[in-house]
Structures are given as C-alpha cells and as structure tokens.
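A short write-up of the structure that comes next.
The values are calculated or read from the model by the stated rules, or taken from the named source; none is laboratory data. Here the structure is a predicted model, which means the values were calculated and not measured. Cβ coordinates were reconstructed from backbone atoms using ideal geometry, including for glycine residues, and neighbour counts include every protein chain displayed.
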Amino acid sequence: MKPALEFLIKDEKVYSGALSCRGCGWSLLVRHLSSILGENTVYVAPASCFSIISGPYPLNDLKGNIVHTVFAAASATATGVRASLDRQGKEDTTVVILAGDGGTFDIGLQALSGAAARGENILYIVNNNGAYMNTGIQTSTATPYGAVTTTNPNGGFKRTWPKDLMGIIAAHNLPYAATGSLAHLEDLRRKMKKAKDTPGFRLLMIDGPCPPGHKTDPAMSISIGRLAVETRLFPLYEIEQQQYTINYIPEKEVPVTECLKHQGRFRHLFREENYPILEEIQEHTDWYWKQLLSKT
C-alpha cells in the first residue's frame with residue numbers, strides 16, 4: 001500500500017469558505033501555511049487580494065490573529081507586533097506577513113528592506129501573481145516581460161523585465177529565503193516548516209496562480225504552475241546567507257511557450273510579428289537559469 005503523503009492536512013487551520021476567485025493560489029497557500037504554523041500565529045496583511053479573501057472585520061478566514069495594515073507598512077507593522085509580543089514574553093508566537101507582489105516589490109519594498117536589514121524575527125510570505133490583481137490588474141515590477149495588464153493601453157504589453165526580488169533579498173544576508181510552487185507541495189511545505197523554525201527575517205516567494213489576471217482556466221492553475229517550474233520560468237531554490245541551492249532541476253528542456261500559451265495575458269505574443277518577443281523571453285529564461293547554476 002502506498003504510504004500517506006506528508007502534505008495531507010489532518011487539522012485544518014482555516015475556516016470553510018473564502019472570498020477568493022476560483023483557482024486562486026492564495027487560499028491553497030494559506031491552507032498549507034496555517035496547518036504548519038498553527039494557531040499561535042499573528043498574520044499581518046497589507047492591502048492585497050488576501051486582505052479581501054480573509055474577510056472584513058470581524059470575519060477571519062484563518063484560525064489565528066490577523067492584523068490588517070496599509071499597503072506600504074506591512075513590515076513596519078509586523079515589527080511592532082513582534083516587539084509587543086516579545087515584551088509580553090511571547091517569543092514563541094510566529095509573526096507572518098501575507099503580501100502580494102505590489103506590496104512587496106513596489107510599495108512595501110522600503111519597509112521590507114529595513115526589517116530585513118535589522119534582522120527582525122518575522123516570516124515574510126509574498127504571493128507573486130505578477131500584477132496588482134486586487135485593484136484591477138495593473139502592472140507591477142513583478143509583471144513578466146510581454147504580459148498585458150490594464151495599464152498597458154492600446155494593445156501594448158510590458159516591455160521591461162521583472163525586478164529580481166530574490167537577488168535583492170539575498171543581498172541582505174538573510175538566514176533563509178526560498179521560492180515555492182503550489183505544484184510542488186512537498187517541497188513547499190518543507191520550506192514553510194524550515195522558515196518557521198529559522199530565527200530572524202526570512203522570506204518565501206510563492207508563484208501565485210490568478211485566473212482573472214492571467215486569463216487562465218481556473219481548473220489549470222496547478223498545471224500551469226507546474227509548467228512554470230518545468231520551463232524554468234519560476235525555478236525552485238533556497239538562499240541561506242547568500243548560498244544558493246536549486247531544489248528542482250527539470251529532466252528535459254521545455255520551451256517557455258508551453259507555459260505561456262495557456263495564459264491569455266500572453267496571447268498576443270503568438271502573433272507572427274511578436275515571435276521575437278517569445279525568443280527574448282526564452283533567451284532571458286536560459287540566461288537566468290545559468291546565473292542560478294553558477295551560484296550553487
């Protein structure tokens with residue numbers, strides 16, 4: 001008989017029902033995260049999809065305390081929560097930030113950098129869905145090159161590469177940072193557990209499926225996430241004090257088009273006049289992968 005998978009959840013730490021879209025990664029992400037962290041946790045949520053999904057006060061999707069804060073102040077708010085808990089002798093309570101890419105790559109970057117540089121004992125989770133999805137699918141600096149958002153008018157698309165957040169985070173000499181995918185749950189749960197048990201400031205960046213923003217079939221969220229890993233568009237790795245470890249190396253080279261073709265935000269790239277853009281994305285993906293390999 002096949003043994004039970006380690007990532008099966010036996011004790012749910014979320015309530016039934018959520019205000020998320022069909023196929024949204026946030027609900028699955030917090031379901032697994034909360035099952036590992038337990039109820040002795042304070043979640044800090046800046047403006048983001050999750051601030052809506054968790055429900056307006058007095059509702060709460062999670063079996064734990066949640067503090068809502070403004071877009072730019074997640075890390076500052078979490079710093080204050082951490083200091084208050086420590087003052088009360090509650091050092092064993094985990095403080096977690098649940099933020100999107102807009103509140104991390106852009107609006108919240110200064111506070112994030114400050115907390116990381118100070119070594120605050122905080123776990124930062126960024127659900128990277130590649131745009132300001134909650135407020136209308138506007139471009140962020142996490143938006144992939146070539147993607148269409150509502151701030152690319154007249155049939156335009158983003159023509160700059162996304163910010164290398166993990167490279168910026170690595171430069172802070174953190175004890176632990178990693179990328180994760182909902183399509184690789186055992187790897188993701190292991191990293192969540194490791195992040196929980198590591199003191200200091202640590203960060204996990206999760207690839208966030210978003211059917212409305214990515215223009216995808218909700219039933220394909222996990223499949224597309226798996227393709228993102230197989231095509232190396234979203235590689236899985238860990239960083240410990242600037243030491244890199246790649247956690248998954250695809251067995252064969254899968255072209256990026258296999259992942260992009262399922263997403264409506266890239267549909268325009270498959271017109272003949274935009275084929276060079278697809279070639280650029282492939283070249284950049286290959287280059288980034290080689291950079292990762294050189295750091296291990």
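Residues in segment 67-88 that are under 19 Å from the mean Cα position of the chain (by Cα), closer than 15 Å to T41 by Cα and crowded, with 18+ Cβ neighbours inside 10 Å: A78 alone. Every condition in (1) within 17 Å of A74 (Cβ to Cβ); (2) more than 13 Å from the chain's Cα centre (by Cα) holds for P144 except the one numbered (1).
Look at segment 1-29: where a residue is among the β-branched types (V, I, T) and a partner is modelled with pLDDT of 80 or more and part of a loop (DSSP other than H, G, I, E, B), sitting 6+ places away or on another chain with Cβ atoms under 9 Å, you get V14/D61; V14/K63. In segment 90-110, which residues are among the aliphatic types (A, V, I, L, M) and within 14 Å of S48 (Cβ to Cβ)? Within segment 90-110, V96, I97, L98, A99, I107 qualify. Exactly one residue among I97, I52 is buried (at least 19 other Cβ atoms within 10 Å of the Cβ) and either modelled with pLDDT of 95 or more or under 25 Å from D207 (Cβ atoms) (or both), and that residue is I97. Only residues that are without any contact (Cβ under 8 Å) to a residue 24 or more places away in the chain and either over 25 Å from Y244 (Cβ atoms) or touching a Leu at 6+ places or on another chain (Cβ under 6 Å) (or both) were counted in segment 139-172, giving 9. In this structure, is T79 touching a Gly at 6+ places or on another chain (Cβ under 6 Å), more than 22 Å from H184 (Cβ to Cβ), in contact (Cβ under 8 Å) with a residue 40 or more places away in the chain and of a type in the set (S, T, N, Q)? Considered against the rule, which asks whether it is touching a Gly at 6+ places or on another chain (Cβ under 6 Å), more than 22 Å from H184 (Cβ to Cβ), in contact (Cβ under 8 Å) with a residue 40 or more places away in the chain and of a type in the set (S, T, N, Q), T79 comes out as no.
In segment 175-262, counting only helices (runs of 4 or more DSSP H) that sit wholly within it, the ones holding 2 or more residues that are surrounded by fewer than 19 Cβ atoms within 10 Å (Cβ to Cβ) and at pLDDT 95 or above span 185-197, 221-230, 257-260.
Quick grid of which residues meet (1) within 19 Å of L29 (Cα to Cα); (2) charged (D, E, K, R); (3) touching a residue at least 60 places away in the same chain (Cβ under 8 Å):
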position	(1), (2), (3)
V67	yes, no, no
S113	no, no, no
A117	no, no, no
A131	yes, no, yes
